[in-house]
Amino acid sequence: MKFSWKTLLLGAIPLILIGVLLWQSLPSGSPRGETANTATAAMAYTDFLSAIEQGKVEKVDILDGGRVAIATLPDPSIPDTAPQRFRVNLPLSDLNDLYATLRSKNVDFAAQPPSNNGAFLGILGNLFFPILLLGGLFLLLRRSSNSSGPGQAMNFGKSKARFQMEAKTGVKFDDVAGIDEAKEELQEVVQFLKRPERFTAVGAKIPKGVLLVGPPGTGKTLLAKAIAGEAGVPFFSISGSEFVEMFVGVGASRVRDLFKKAKENAPCIVFIDEIDAVGRQRGAGIGGGNDEREQTLNQLLVEMDGFEGNTGIIIIAATNRPDVLDAAILRPGRFDRQITVDRPDMAGRLEVLKVHARNKKLAADIDLDVIARRTPGFAGADLANLLNEAAILAARRRQNEITMRDIDDATDRVIAGLEKQPLVDSKKKRLIAYHEVGHALVGTLLPDHDPVQKVTIIPRGRAGGLTWFTPSEEQMLITRNQLLARIKGALGGRAAEEVVFGDDEVTTGASSDLMQISNLARQMVTRFGMSDLGLLSLTGGGEVFLGRDLMQRSDMSEDVSALVDEQVRNIVKRCHTETVELLTRYRSLMDRIVDLLLEKETIDGDELRRLVSEVVEIPMKEQTVPALSS
C-alpha cells in the first residue's frame, strides 16, 4: 500500500500529542517519590517554623526550587496521632535561614532541583497553533501550485488552456460525417499546416482564424478534435468562459499568456469553444457592456490581428450564437472563414448513423436508411443519443443485439419522453383516441400534409397520446398550401372533439396545438406575405440585451397590429371550418379507426392509410418539409 508524506504527517500528530500528555503525567523524578501533590493538607509557614522549634518535624522535602516544602509531623490539632504530610509554601528569601534551623534541630531534609516540565509544556502550547496554521498554509499553497483548477492562488493571470504537443484526440475526419462541406473547408487548413509550401508558392497566406457556426450538437467541437488529430501540430484548447474572472484584468492577461505560449510552439492551433462568452458585442444592452469582458475582447482582437502578426497560429472558434458577436472579431484578418455546420440532411444523417453504429451490435433487420428518414431535424448528437438509448433498451431487455423495435422505442423516447402506463379510464381513453385520430385522419386526407408515421394513445411525457408525421423528403421552401395543411392538421384534434362530443365537451388537450397554429398563422401574415395585407415584413426588433437599443422597436403601428390580429384570426377560422367539415364528412371512418386504436393502442402509418384507402382515394404525398408532431 502506498502512503504519501501528508498521510504520515497527519497520522504522527496524534501520536506526538498523546506522548506529550503521558510524559507530563509521569512523576517529577524525586528519589523519595515526593511531589507537590503528595501532601494531604496545607500548613501555614509560621506554624511550620513553630513545629520545627518544638522538635515535632520528622522529615522535610523541599520541591520546585524552594517554593514548596512537604513536612512530615503529627497533626497538631489531633493529639497522639500518626505523622502526616503537610504542604507548606515557602518564601524564597528565608531559605538559607530555614536550612540553618533544620540543621540545628537535626531534621532530615532534602532539596530537589526544579522541574522543567511546566516551562516546556508552556512553550509547546504557545507554538502548537502557529505551527499548525503555517503547516496548513503550506499544504494549501503546495496543492494550488500542482492544480490547474480554480484553487490556483498565485496564477490568476496564467492561461488555463489545455496544451498537447501532439494532439491525440482519437478523432479523424473519417469519424465526422454528415457535414462534408465543412470538412472540405477545414481539410485545407490541415494541408496549410502540413505542407504550407504548396500554398505559399502561389502567394496564398495561411488563414488566421476559422469560425464554426451552427446549432448545438451539430459537431463543431468534434470538427476541432478532428483537425487536431489530422494536423499533428501543437494544439491549445480553451473555453471562452475561462478567460473572464471576478478580478479586473485577469481575462486580458490570460489572453496574452495564451498567445505567448502559442508563439513559442508555432505553427499550432488554438481552439476557443463557445467564443460568444467573451466575444459579445461591445456596449450592448442596458447600462453598456461589462468592462472586464470588453477588455478581454480587446486584447483578443489585438492578439489575433494587431500591430504584431501571429504567423503560424490558426485560431479555430465555435459558437451557436453568431448574431451576438462583435463586428470587429468577424472581419477578415481575424476570422477569415466562417463555416456553417448545420443539421445534416437525410443523406448526412445516414452517414452519421453509420459512424455511430460501428461499435453497436445491430440486428439484420435494421435499415439505417429508414431511421434517417424518420429523424428529420436531428443533429449528430441527437443521432448518437438515439443509438445509445436503443442499446440501453436492448441491454435492459437482455438481448444480444439491437432490434428495430428498440430503435422505434428509443426514437419515441427521445422525441416525446418516457412511456407511461396505458390509460384505464374508458371515457378519457376514448376522448384522447378521437383527438389523435382527428390529427391523423386530416393529415392523411389532405394532399399537402406530411404522411402519418404512427398514432398512439399510450401516454408519453405530458401528452396523453401522440401522432407522428414523417416527411418523405426535405425541401428548403414551403408553399402556402403546405402551411395551411399544417394548420388544419394541428386543428384536427380539437375539430374531432367538437364533431363527436360537441362544443360543451371540448378539452384542454389542444392547448399546444393552438399555440402552434397561432404562431404559424402569424408568420404567414408578418413574415411570408401570405395574407390580404400584402407583401410586407412586419416582424419586430431583436432582443434587448443583444443590440444597442434600450427598448425593442416594432415595425407596426397600432392600426396595422390590429389588422394583423384580424388576418391571423381569419386564417385560423377558415382552416377550422374546413377541418370540421372534413371530419364530419368522414365521421364513420373516424369511428372505425378509433375503435381499432382503442383495441391496439398504436396504429402505424401503413395500416392507417390502408383503412382510409378502403373508403376514399388517398392523395399522393410528394412534398415535404420536416413535420411537427402533435
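Which of the trypsin sites (Lys or Arg not before Pro) found in the range 200-238 are in a DSSP loop and have at most 16 neighbouring Cβ atoms, other than their own, within 10 Å?
Qualifying residues, ordered by number: 205.
Restricting attention to the range 300-389, which chymotrypsin sites (Phe, Trp or Tyr not before Pro) occupy a DSSP loop and are surrounded by at most 13 other Cβ atoms within 10 Å?
Answer by residue number: 307.
Just grab the label-to-label distance for residue 427 and residue 197, each label 7 Å out from Cα along the Cβ direction, in nm (one decimal).
Going by the 7 Å Cα→Cβ label model, 8.7 nm.
Using the Karplus curve 6.51 cos²θ - 1.76 cosθ + 1.60 with θ = phi - 60°, work out ³J(HN,Hα) for each residue of the range 393-400 in order, rounded to whole Hz, and write x for Gly and Pro.
In residue order, the calculated couplings are 5, 5, 5, 5, 8, 6, 9, 8 Hz.
Separation between the residue 104 and residue 358 pseudo-spin-labels, each 7 Å from Cα along Cα→Cβ, expressed in nm?
11.1 nm
What residue among 370, 385, 414 has its Cα farthest toward the positive end of the dipole of the range 346-416, where the charges are +1 on Lys, Arg and -1 on Asp, Glu, each on the Cβ?
Among 370, 385, 414, the one farthest towards the positive end of the dipole of the range 346-416 is 385.
Looking at the range 428-521, which trypsin sites (Lys or Arg not before Pro) are DSSP coil and have at most 12 other C-beta atoms within 10 Å of their C-beta?
Loop-located and lightly packed - 462.
Could you tell me the calculated FRET efficiency between residue 573 and residue 398, based on Cβ-Cβ distance and R0 = 41 angstrom, to the nearest 0.05?
0.15
Using r as the Cβ-Cβ distance of residue 260 and residue 331, and R0 as 25 Å, what FRET efficiency do you calculate, to the nearest 0.05?
0.55
Rg and Dmax of the range 346-416 over Cα atoms: what are they, in angstrom?
Taking only Cα atoms of the range 346-416, I get Rg and Dmax of 10.9, 32 Å.
Please arrange 561, 613, 237 by how many other C-beta atoms lie within 10 Å of their C-beta, fewest to most.
Lowest count first: 613, 561, 237.
Sort the range 327-458 into rounded, prolate or oblate with this rule: let a ≥ b ≥ c be the square roots of the eigenvalues of the Cα gyration tensor; rounded if a/c is under 1.5, and if a/c is not under 1.5, prolate when a/b is larger than b/c, oblate otherwise.
Note, shape of the range 327-458 comes out oblate.
In the neighborhood of residue 89, defined by Cβ-to-Cβ distances under 15 Å, what is the net charge if each Lys or Arg adds +1 and each Asp or Glu adds -1?
Net charge in that neighbourhood comes out at -1.
Rounded, prolate or oblate for the range 426-613? Axes are the square roots of the Cα gyration tensor eigenvalues, ordered a ≥ b ≥ c, and the cut-off for rounded is a/c under 1.5.
Prolate, since a/c reaches 1.5 and a/b exceeds b/c.
Rounded, prolate or oblate: which one fits the range 425-494, using the alpha carbon gyration tensor with axes a ≥ b ≥ c (rounded when a/c is under 1.5, else prolate when a/b beats b/c, else oblate)?
Cα axes put the range 425-494 in the prolate bin.
Each reported figure results from applying straightforward, stated rules to the coordinates on display, with no laboratory input. These figures come from a predicted structure and were not determined experimentally. Heads up, the Cβs are rebuilt from the backbone with ideal geometry, glycines too, and the neighbour counts pull from every protein chain shown.
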